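Encoded as structure tokens, the structure appears first; notes follow it.
The values are calculated or read from the model by the stated rules, or taken from the named source; none is laboratory data. Please read these numbers as outputs of a predicted model, since none were measured by experiment. Note that each Cβ is placed from the backbone with ideal geometry, even for glycine, and that neighbours are counted across all protein chains shown. To get the accessible areas, we keep the full protein, side chains included, count just its heavy atoms, and leave off ligands, DNA and RNA. Shrake-Rupley method; radii C 1.70, N 1.55, O 1.52, S 1.80 Å.
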Amino acid sequence: MLGFVLRRLGESLLAVWGVVTIVFFVTRILGDPAALLLPIGASAQDIDALRAQLGLDQPLMLQYVQFLVKAVQGDFGTSFQHGRDAMQVVLERLPATATLALTAIALGLVIGGIAGSIAALKRGKTIEFIVMTFALLGQATPVFWLGIMLILFFGVNLGWLPTGGYGTLSHLILPAFTLAVFVSASIARLLRSSMLEILQEDYIRTAKAKGLLRHTVFVWHVARNALIPVVTMTAILTGELLGGSVVTETVFSWPGIGRLIIQAIEAKDFPVIQAGITLIAVIFVLINFLVDLLYGVLDPRIRSAR
Amino acid sequence: MKNLIKDLMRSKAGLIGAILLLLIVFVAVFAPFLDLPDPTRGDLRARLAGPTWDGLFSPGAHPLGTDEVGRDILSRMIHGSRVTLLVATTAVVLGGIVGTALGIWAGYKGGLVDRVLMRLVDIQLAIPLMLLALLVVAALGPSLRNVVLVLALTSWIRYARIIRAQVLSLREREFVQSAHAIGASTMRIMFFHILPNVLTPALVVGTLELARIIIMDSALSFLGLGVQPPTPSWGRMLADGRVYISSAWWTVTFPGLAIVLTVLSVNLFGDWLRDYFDPKTRNKK
């Protein structure tokens with residue numbers, strides 16, 4: 001078990017290093033931030049001076065090594081736009097993104113879990129058809145369009161909810177629901193097919209044959225085993241949403257990490273782009289690492305295989 | 001092939017998806033012959049005109065309304081579908097070729113090649129695809145070619161992982177072993193023995209990827225990083241129409257419906273295709 005944990009840890013660190021490296025070099029292609037930071041018409045000397053000040057005049061490989069040494073210590077430099085520590089600028093946006101992501105995931109798991117179970121247990125009934133039609137539509141609807149439509153309906157026409165912004169619970173409802181629709185559609189479809197597969201297993205027939213109560217079979221045999229792929233999917237979705245749902249945050253003017261990074265890309269604010277994407281990668285890798293450990297708890301077969 | 005069509009006819013969902021998809025592709029391909037108003041030229045006297053069915057067949061009718069500079073929404077939607085379908089299919093094919101090739105190579109060779117490829121996949125999975133796409137498009141500049149490249153870049157890993165897993169089991173099969181025994185070269189085995197056996201899973205992944213890429217392409221244009229104006233695109237229409245949301249609902253409603261309908265039909269068709277080729281579900285029929 002310890003060997004497995006250490007190997008996964010090593011792979012995780014390698015992945016983060018890879019992300020940091022890729023982001024470093026891609027941001028260099030974005031262009032010259034010095035020319036963008038100075039007012040139009042600045043002299044070539046001024047631009048050169050600023051480039052020297054930002055350390056952009058050094059050889060690329062040297063910049064990379066210096067960047068790595070500092071990044072390991074959590075220092076991503078000073079944001080060109082905000083004039084403050086880049087990682088701090090990013091971390092300030094984390095609560096907004098986390099609130100939205102976790103609310104959406106929780107909402108999506110509840111809706112998707114119930115819908116998926118109903119669809120699997122009521123196979124061939126009208127209710128299955130209705131649930132699956134909604135799930136298909138939910139998966140085919142781009143979140144940014146759904147967001148706009150919800151704003152149009154609940155914000156503009158009915159005037160019940162704010163059309164965007166951040167602060168109160170009423171601001172959270174529309175963006176969280178928008179993302180939850182997509183999450184629950186994916187969960188419902190996955191849970192249904194996973195349950196249908198398990199319902200045909202021999203051990204389910206055995207459990208029924210030995211006279212266990214219906215809901216005992218459902219909870220301890222069907223649901224527990226069907227949950228394994230759902231855990232994987234939830235981890236992937238959580239990682240994605242914590243990475244800032246760029247478009248949803250844009251549609252609802254939600255001050256999260258995704259929107260911050262887009263603005264940083266537009267402004268060629270290298271330190272913020274690098275700090276932001278590194279943080280997201282670390283969160284993503286960490287979640288996957290934890291999920292791998294969780295499998296062992298959920299599935300005894302995986303536990304003993306190690 | 002006969003069985004394939006027979007099964008499609010029996011599957012209601014798959015059939016609906018296939019018919020819708022054919023219709024969408026047909027309209028997109030023959031758009032230039034449809035006598036639509038110019039999608040890029042506006043009529044300022046008719047800006048933000050609501051949808052109307054009066055005089056539907058007379059010239060100058062706008063059945064789905066017009067946008068903020070008086071361009072016909074229906075015509076822009078249809079011309080937008082050409083761009084979206086072109087970008088999405090090219091990206092899916094490109095990502096599919098690269099991903100399948102790398103998946104076969106890693107799966108068959110194993111060892112270092114395999115380890116390096118899997119770590120690359122890990123790295124790319126740790127960056128949210130949307131952010132990766134935004135960053136790369138911003139770096140290379142938003143052109144048709146770059147958008148296709150970026151979308152293909154987000155796609156290759158899905159093929160590579162699934163194909164690799166298939167090849168790992170194919171590698172141990174007798175026909176591959178005997179080809180190796182009679183002295184066939186690695187290239188020959190990979191190309192003539194492995195490749196034909198992974199084309200089906202690649203096709204299934206491709207169909208499902210097409211749906212994801214259509215949405216992503218629209219999201220990129222929505223954020224202003226897709227194909228640039230004056231070429232119409234669904235995402236850009238949504239972004240432009242958003243400003244007029246309180247007075248002109250049609251500017252944001254119809255382009256979005258076009259995306260939903262296209263993605264839905266691709267998904268319906270893709271689900272059927274996957275079930276058809278999946279031995280587990282096929283045997284139940």
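Would you work out which of A:V183, A:H215, A:V19 lies farthest towards the positive end of the dipole of chain A, given +1 charges on the beta-carbon of Lys and Arg and -1 on that of Asp and Glu, about the Cα centre?
A:H215
Would you please give the FRET efficiency between A:L91 and B:T89, computed as 1/(1 + (r/R0)^6) with r the Cβ-Cβ distance and R0 = 30 Å, to the nearest 0.05?
On the way: r = 41 Å, r/R0 = 1.37.
Once rounded, the FRET efficiency stands at 0.15.
Between segment B:35-54 and segment B:197-212, what is the C-alpha centre distance in whole Å?
Taking the Cα centre of each part, segment B:35-54 and segment B:197-212 sit 39 Å apart.
Dividing the Cα radius of gyration by the Kirkwood radius, what Rg/Rh value follows for segment A:94-267? Intermediate values should be presented prior to the final figure.
Working: Rg = 18.8 Å, Rh = 17.4 Å.
Result for segment A:94-267 is an Rg/Rh of 1.08.
Which whole-number percentage describes the relative contact order of chain A, with Cα contacts under 8 Å and a sequence gap of 6 or more? Before the final figure, lay out each step's value.
Details: 341 pairs, mean separation 83.7, N = 306.
Relative contact order of chain A: 27 percent.
Do you know the relative contact order of segment A:188-253, to the nearest whole percent, from alpha carbon pairs under 8 angstrom that are 6+ apart? Please list the in-between numbers first.
Numbers: 22 pairs, mean separation 25.5, N = 66.
Worked out over segment A:188-253, it gives 39 percent.
Quick one: dipole size for the protein assembly as shown, taken about the Cα centre, charges +1 on Lys/Arg Cβ and -1 on Asp/Glu Cβ, in debye to the nearest 20.
On the way: 50 positive and 36 negative charges, 481 e Å.
Once rounded to the nearest 20, the dipole reads 2320 debye.
What residue among B:Q177, B:Q124, B:Q166 has the largest mean-square fluctuation in a Gaussian network model of chain B, using Cα springs under 10 Å?
B:Q177
Can you compute the modelled spin-label distance between A:T168 and A:V156, with each label point 7 Å from Cα toward Cβ, in nm?
Spacing of the two 7 Å Cα→Cβ label points: 2.3 nm.
Of chain B, which part is the longest with no chymotrypsin sites (Phe, Trp or Tyr not before Pro) in a loop (DSSP not H, G, I, E, B) and with at most 16 other C-beta atoms within 10 angstrom?
On the way: sites that count: B:F30, B:W53, B:F57, B:Y244.
Longest stretch, sites excluded: B:58-243.
Could you tell me the relative contact order of chain B? Use alpha-carbon pairs under 8 Å, at least six residues apart, and round to a whole percent.
Working: 388 pairs, mean separation 72.6, N = 285.
Relative contact order for chain B comes out at 25 percent.
Could you give the alpha-carbon Rg of segment B:63-280 over 2.2 N^0.38 Å, rounded to two decimals? Don't skip to the end; give the middle numbers.
Details: Rg = 20.6 Å, N = 218, 2.2 N^0.38 = 17.0 Å.
It is 1.21.
Using the C-alpha gyration tensor of segment A:2-72, what are the square roots of 5 times its eigenvalues, in whole angstrom, with the largest one first?
On the way: eigenvalues 264, 25, 13 Å².
Semi-axes (√(5λ), whole Å): 36, 11, 8.
Taking amide H positions as placed in the peptide plane 1.01 Å from N, state which residues far from A:D85 in sequence (5 or more) or on other chains have amide H under 5 Å from it.
Sorted by chain and number, the residues that satisfy this are A:S79.
Tell me the total accessible area that B and A bury against each other, 1.4 angstrom probe, in square angstrom rounded to 100.
On the way: alone 15490 and 16550 Å², together 28570 Å².
Answer for the B-A pair: about 3500 Å² buried.
So if I take the centroid of the Cα atoms in segment A:54-75 and the same for segment B:218-265, what is the distance between those two points in Å?
Taking the Cα centre of segment B:218-265 as reference, the centre of segment A:54-75 is 40 Å away.
Report the net charge of residues surrounding A:G164, where surrounding means a beta-carbon distance below 13 angstrom and charges are Lys +1, Arg +1, Asp -1, Glu -1. Let's see the in-between values first.
Values: positive: A:R259, B:R242; negative: A:E249.
That sum, taken over residues with Cβ under 13 Å, equals +1.
Suppose every Lys and Arg Cβ carries +1 and every Asp and Glu Cβ carries -1, with no other charges. What dipole size does segment B:63-280 come out with about its Cα centre, to the nearest 20 debye?
Values: 18 positive and 13 negative charges, 102 e Å.
For this selection, approximately 500 debye.
I want to check a number: in chain B, how many lysine pairs have alpha carbons closer than 19 Å, given a sequence separation of 8 or more or different chains? Walk me through the numbers on the way to the answer.
Numbers: B:K2/B:K12; B:K2/B:K285; B:K6/B:K280; B:K6/B:K284; B:K6/B:K285; B:K12/B:K284; B:K12/B:K285.
Value for chain B: 7.
In segment A:1-38, which residues give up 30 Å² or more of accessible area once the other protein chains are added, compared with their chain alone (1.4 Å probe)?
A:E11, A:L14, A:A15, A:V19, A:I22, A:V26, A:I29, A:L30
Please give the residues of segment B:5-29, grouped as numeric ranges, whose backbone N is less than 15 Å from a label point set 7 Å along the Cα-to-Cβ vector of A:T133.
Answer for segment B:5-29: B:12-14, B:16-17.
How much accessible area per residue does the protein assembly as shown have, counting only protein heavy atoms and a probe of 1.4 Å, in square angstrom? Each step should come with its number before you reach the end.
Values: 28570 Å² over 591 residues.
Per-residue accessible area for the protein assembly as shown comes out at 48 Å².
Taking Cα centroids, how far is segment A:121-168 from segment A:213-266 in Å?
16
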